[in-house]
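The values are calculated or read from the model by the stated rules, or taken from the named source; none is laboratory data. Keep in mind that this is a model prediction, so the values were computed, not measured. Neighbour counts run over all protein chains shown; Cβ positions are idealised from the backbone, glycine included.
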Ligand code: ZN
Ligand code: ZN
């Protein structure tokens with residue numbers, strides 16, 4: 001940089017240079033500087049009267065290597081306004097990449113329009129980056145449109161499409177693309193495999209994940225660091241922690257990401273000691289922990305009820321100069337709440353230097369409810385309603401708080417408020433994989449082809465569960481209907497449909513694995529515990545945040561989630 005600065009000074013002190021030589025020299029300096037001091041490079045660009053497209057592209061790319069920022073988009077806007085030089089395929093690819101990193105869907109769509117009008121939208125390089133952008137923004141439908149229009153699909157495009165479906169949990173679609181790709185003679189590489197395995201991790205499709213693992217071994221695809229880490233993550237997220245551990249132990253080298261995947265895996269499975277042991281081994285292996293590692297460590301402490309240890313890791317994290325993110329704060333609040341230390345949690349939240357996010361407030365409300373600190377809960381829940389007046393979750397939380405205090409009048413007034421404001425709850429949706437097919441069940445939806453068998457079976461299960469002495473927690477159903485109807489509605493909860501289908505379609509001792517999009521309700525949690533005992537089955541339910549492993553009438557979450 002010093003040398004570049006000197007040359008720059010030399011140019012400035014030789015005003016007799018012709019304008020074109022001047023511009024050319026500055027552009028050259030800019031290109032060298034773009035990776036070292038991107039802001040200096042940007043100032044240079046503004047000094048050049050007619051910067052060429054190469055200078056623009058280099059600078060945009062320089063910003064991409066930096067932290068995600070809107071700078072590439074600003075530069076692109078400046079470029080368009082100045083009308084000269086025209087952008088080229090590289091410019092567009094870099095800007096799409098920038099939009100996908102932020103992510104900035106709206107801006108990216110504008111750039112897409114520009115690509116069409118400038119006639120560059122048909123270029124395969126541009127298309128691939130556009131597809132990648134839509135996939136990262138979870139606009140998989142738009143991504144698919146781009147993908148279908150592509151005449152020349154390379155392995156990057158295929159991976160982007162697979163990864164796009166992965167992000168939104170559309171496993172079958174992801175695998176269809178995977179098969180199509182093989183049929184088309186495109187050889188899957190490590191990148192494709194990572195995308196496909198991540199798809200399985202997100203949707204909890206263990207059988208397909210296993211199949212991909214076998215595919216890797218059979219086809220001799222390099223089982224490198226990224227692939228192995230994806231496998232560890234997939235097995236852990238699918239509730240196969242021992243498989244995850246086996247893959248992890250077989251890895252010849254492990255980076256922070258690999259260690260973190262294993263630690264987080266143990267944490268979400270509720271194996272706190274194993275997670276902390278792993279963390280110690282990581283330290284011995286002299287791998288620097290990252291943000292994700294600490295999330296794993298703190299949530300392991302939370303899960304194991306290790307409050308003192310959690311505090312210790314928290315302060316050592318601060319001592320190392322690692323700046324806690326909202327997720328870390330969330331783990332600490334969780335730690336206190338799970339240990340029934342609602343007061344400590346409240347104190348911790350009050351001492352936070354940044355404003356807590358709604359998720360943290362919700363954890364607090366749940367804890368207040370559990371500890372019968374009704375008024376504090378009500379106060380925080382009302383604040384939540386103001387903070388996020390359009391989030392159905394907050395209304396449901398407040399009404400369940402009233403329900404737990406048997407305050408039916410206030411409960412129905414919250415429900416009314418919700419209806420009047422036109423707020424709809426996200427329907428519960430659970431999926432289960434049977435023989436390589438993911439079956440999805442939405443609450444109260446009986447469109448499954450085997451609906452009749454499932455209903456009959458559910459009646460049988462419900463009778464057995466009730467005969468065993470289970471008292472349904474009616475307040476879980478927040479509808480103003482008679483008790484009998486409430487009971488029926490409970491048995492329509494999506495996880496029950498999925499579990500019933502699993503019991504119907506698999507034989508003991510196969511584990512039933514269900515993935516749910518929302519939290520598990522109290523009654524379903526109790527019922528699943530009972531079912532695991534009555535039917536002598538291990539049932540694993542992964543809800544939005546964590547795993548519940550039900551064995552012999554007990555859940556691994558120790559009834560706090
Ligand atoms: Zn339920
Ligand atoms: Zn549980």
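At-a-glance table
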read-out: Selection status of residue 529, more than 29 Å from the chain's Cα centre (by Cα), modelled with pLDDT of 90 or more and buried (at least 16 other Cβ atoms within 10 Å of the Cβ); value: no
read-out: Subset of the stretch 77-100 [surrounded by 17 or more Cβ atoms within 10 Å (Cβ to Cβ) and either at pLDDT below 90 or on the phi > 0 side of the Ramachandran plot (or both)]; value: 87
read-out: Which numbered condition residue 397 fails, given (1) farther than 26 Å from residue 300 by Cα; (2) modelled with pLDDT under 90; (3) in a helix (DSSP H, G or I); (4) in contact with a helix residue (DSSP H, G or I) (Cβ under 8 Å, 6 or more places away or on another chain); value: (1)
read-out: Search result, residues across the stretch 280-294 that are surrounded by fewer than 20 Cβ atoms within 10 Å (Cβ to Cβ) and assigned to a helix (DSSP H, G or I); value: 280, 281, 283, 284, 291, 292
read-out: Pair list, Cβ < 6 Å and 6+ apart or interchain, from the stretch 508-524 residues that are closer than 21 Å to residue 435 by Cβ to residues that are within 12 Å of ligand 1 (Cβ to nearest atom) and in a loop (DSSP other than H, G, I, E, B); value: 516/543
read-out: Test: residue 496 is farther than 17 Å from residue 518 by Cα, at pLDDT 85 or above and either more than 13 Å from ligand 1 (Cβ to nearest atom) or not assigned by TED's automatic domain parsing to the domain that holds residue 412 (or both); value: no
read-out: Among (1) closer than 14 Å to residue 428 by Cβ; (2) near ligand 2 (Cβ under 10 Å from one of its atoms); (3) touching a strand residue (DSSP E or B) at 6+ places or on another chain (Cβ under 6 Å); (4) modelled with pLDDT of 90 or more, the one test that residue 543 misses; value: (4)
read-out: The one condition in (1) in contact (Cβ under 8 Å) with a residue 60 or more places away in the chain; (2) surrounded by 23 or more Cβ atoms within 10 Å (Cβ to Cβ); (3) away from ligand 2 (no atom under 12 Å from the Cβ) that residue 495 fails to fulfil; value: (3)
read-out: Flag if residue 156 is in contact with a helix residue (DSSP H, G or I) (Cβ under 7 Å, 6 or more places away or on another chain), at pLDDT 90 or above and either under 30 Å from residue 512 (Cα atoms) or surrounded by fewer than 19 Cβ atoms within 10 Å (Cβ to Cβ) (or both); value: no
read-out: The stretch 6-23 residues that are touching a residue at least 12 places away in the same chain (Cβ under 8 Å), paired with ones that are in a helix (DSSP H, G or I) and surrounded by 12 or more Cβ atoms within 10 Å (Cβ to Cβ) (beta carbon under 6 Å, 6 or more apart); value: 8/29; 11/25
read-out: Condition check for residue 508: modelled with pLDDT under 85, surrounded by fewer than 21 Cβ atoms within 10 Å (Cβ to Cβ) and farther than 22 Å from residue 425 by Cα; value: yes
read-out: Among (1) in contact with a helix residue (DSSP H, G or I) (Cβ under 9 Å, 6 or more places away or on another chain); (2) modelled with pLDDT of 90 or more; (3) within 16 Å of ligand 1 (Cβ to nearest atom) - the single one residue 471 does not satisfy; value: (2)
read-out: Test: residue in the stretch 511-534 that is away from ligand 2 (no atom under 16 Å from the Cβ), more than 20 Å from residue 202 (Cβ to Cβ) and not assigned by TED's automatic domain parsing to the domain that holds residue 404; value: yes
read-out: Candidates 106, 112 - the one that is at pLDDT 95 or above and on the phi < 0 side of the Ramachandran plot; value: 112
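To keep it simple, each residue is scored yes or no on (1) in the same structural domain as residue 498 (by TED's automatic domain parsing); (2) assigned to a helix (DSSP H, G or I); (3) buried (at least 24 other Cβ atoms within 10 Å of the Cβ).
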{"residue": "173", "(1), (2), (3)": "no, yes, no"}
{"residue": "180", "(1), (2), (3)": "no, yes, no"}
{"residue": "188", "(1), (2), (3)": "no, no, no"}
{"residue": "192", "(1), (2), (3)": "no, yes, yes"}
{"residue": "196", "(1), (2), (3)": "no, yes, yes"}
{"residue": "209", "(1), (2), (3)": "no, yes, yes"}
